[in-house]
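This report refers to the structure that appears directly beneath it.
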Amino acid sequence: MAETRSIERLVIFGATGDLAARMLLPSLYFLDADRHLPEGLKIIGAARSDLDQARFASHVHDVLAKRPEGLDAEVWDRFKARLDYCQADVINAESVKRLGPHVENASTIFFLALSPSLYGAVSKALDGSGLACGDCRIVVEKPIGHDLESSKAINAEVASVFDESRVFRIDHYLGKETVQNLIALRFANTLFEPLWNNLAIDHVQITVAETEGVGERWRYYDEYGALRDMVQNHMMQLLCLVAMEPPPDAGPDSIRDEKVKVLKSLKPFNRASAQQLSVRGQYRGGVVDGRQVPSYVEERGGETGTETFVALRADIENWRWAGVPFYLRTGKRLPERRTQIVIQFKALPHSIFGERADEDLIANRLVIDLQPDEDISLLLMNRRPQLAGNRLQALPLSLNLDNGGRRRIAYERLLLDVLAGSQALFVRRDEVELAWAWIDGVADTWADLGVAAKPYAAGSWGPAGAFALLERSGRAWLDE
């Protein structure tokens, strides 16, 4: 087999957009600052904006200068020398041909910081312009499509030009250091893996809470809602990493094969269980972070049935997880910004410490925080330091991941892996489609039953049904 050429060009379609400004350009700058970018790599912005190289470089400078880390003059000069720009209509093959002189037949990464609805058209335009070379790679953002049918259509269009080994589907949560440490925690320590099953674990909670509202994104959000935007996208990946079996090695397909097995084991929703196992919500006006905020309907400018909050119970039908509920919760305009996984262990079968000490007993739990802070802590019971009596206290043992330096943007790790051609942290096509199949089952059941989005006040933890989801089995969300 011929040796793959090293990457020499990185083209960002949508280079003047929000994703490029917030994530991609800063990530590339910081990688360059740490000298992780290949020597001679050119970064080419492509968009409809009427810019040249100098004005694009000025735009990038302004984007980076606004960041709290500031700009280092020497690093900026080196990074600026990598920048180039090509004005192009990304879905028009003739227009995309303008990239030819900038790419110069080099091995290229095409990063599509665009709407997923454009992925197929851009792939065909690259093919039609002769730029989709055998060494080239394409990077696309999830969610891909808004249901299984549209996801299959987009994936098929991309696959008609780029084979699966050259397609990198990004879920930026997989680039977070804490997520990588979850894998290390499970598979690099003998302490946890023997307990990582239904014999020791009572339930699992996964929360992705946001204080922000939908705002100006309502046109996109109204089509997707919280279920398709967040549950299908990030939360299913987190569930898979918690629940998957040990892979034989850390190779890309080994890890992704195990995630696929989890998705295949998810119990489908049906009419009998949907109302008991899921809750839809939509925020009304309220107070968040001490300020009054409008309802989603007010932001949208009209009534809509789209949910901005989802809580549901997922069950994995295999030997390891039979009887262990996975509770997923996500929403807009919640009291705090938090992404968190809680592994709640079972209570002691018997206490030897007496009645007073028994009042202090709390079941062990492992809490994995992904944002705003990245940390892993294990709640353990300990004896209170005192001469008389025998009282216990819960003490969190923190595995603090903060090394005191700058916290890396998740895209830094992911971009570095694309450059290296490593797909371990990227989502395979069958993963995407299996996740959509399960999500479609939830959405279709809601539609069949006419399950409405219940109102909840902005600044609260969602509709009352979200609490009842756990309370029916004597459990509670960690923040209750």
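Rule-based calculations on the coordinates, nothing more; no lab input. Please read all numbers here as calculations on a predicted model, not as lab measurements. Because the Cβ atoms are built from the backbone with ideal geometry, glycine has one as well, and the counts that use them run over all protein chains shown.
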Testing the spin-label approximation: label points 7 Å from Cα along Cα→Cβ at SER254 and GLU94. State their distance in nm. 5.1
Output ³J(HN,Hα) for segment 119-127: one whole-Hz value per residue in order, computed from phi by the Karplus curve 6.51 cos²θ - 1.76 cosθ + 1.60 with θ = phi - 60°, and x for Gly and Pro. 4, x, 5, 5, 4, 5, 5, 5, 5
How big is the gap, in Å, between the Cα center of segment 226-262 and the Cα center of segment 126-197? 10
Hey, rough spin-label estimate for ASN198 and GLU69, points 7 angstrom out along Cα→Cβ, what's it come to in nanometres? 4.5
Column: log10 I(q)/I(0), Debye, Cα scatterers of segment 254-377, q = 0.11, 0.15, 0.16, 0.21 Å⁻¹: -0.65, -1.04, -1.10, -1.26
Using θ = phi - 60° and the Karplus relation 6.51 cos²θ - 1.76 cosθ + 1.60, list the HN-Hα couplings for segment 89-100 in order, rounded to whole Hz, with x at every Gly or Pro. 8, 5, 9, 10, 4, 5, 5, 5, 4, 4, 6, x
Cut-off under 28 Å on the C-alpha distance; same-chain residues fewer than 8 positions from LYS454 excluded. Which lysines are left, in chain and number order? LYS142, LYS267, LYS332
For ASP50 and ALA159 in one chain, what is 0.36 nm times their gap in residues minus the Cα-Cα distance, to one decimal in nm? 36.1 nm
Let me make sure I get this right: for segment 108-240, a, b and c are the square roots of the gyration tensor eigenvalues over alpha carbons, sorted descending. Under 1.5 in a/c it's rounded, otherwise prolate if a/b > b/c, else oblate. Which is it? oblate
Quick check: residue separation of SER58 and SER150 times 0.36 nm, minus the Cα distance between them. What number comes out in nm? 29.3 nm
Taking LYS80 as the anchor, which lysines have their alpha carbon closer than 23 Å to its alpha carbon, excluding any fewer than eight residues away along the same chain? LYS42, LYS66
Length gain on complete extension for the stretch SER422 to ALA347, per 0.36 nm per residue less the alpha carbon to alpha carbon distance? 22.9 nm
The FRET efficiency for SER107 and ASP373, from their Cβ-Cβ distance with R0 = 35 Å and rounded to 0.05, is 0.35
So what is the orientation-averaged projected area of the chain, using the convex hull of its C-alpha atoms, in nm²? 26.1
Only residues of segment 6-31 count here: report those whose backbone N is under 11 Å from the spot 7 Å along Cα→Cβ of LYS80, or say none. none
For GLN371, enumerate residues with amide H under 5 Å from its amide H, sequence gap 5+ or separate chain, H modeled in the peptide plane. THR339
Cα to Cα, under 13 Å, and not fewer than 8 places away if on the same chain: which aspartates and glutamates meet these conditions relative to LYS346? ASP202
Would you compute, from DSSP H runs of 4+ residues alone, the mean residue ellipticity of the chain at 222 nm, taking -39500 (n - 2.57) per run and dividing by the full residue count, rounded to the nearest 500? -9500 deg cm²/dmol
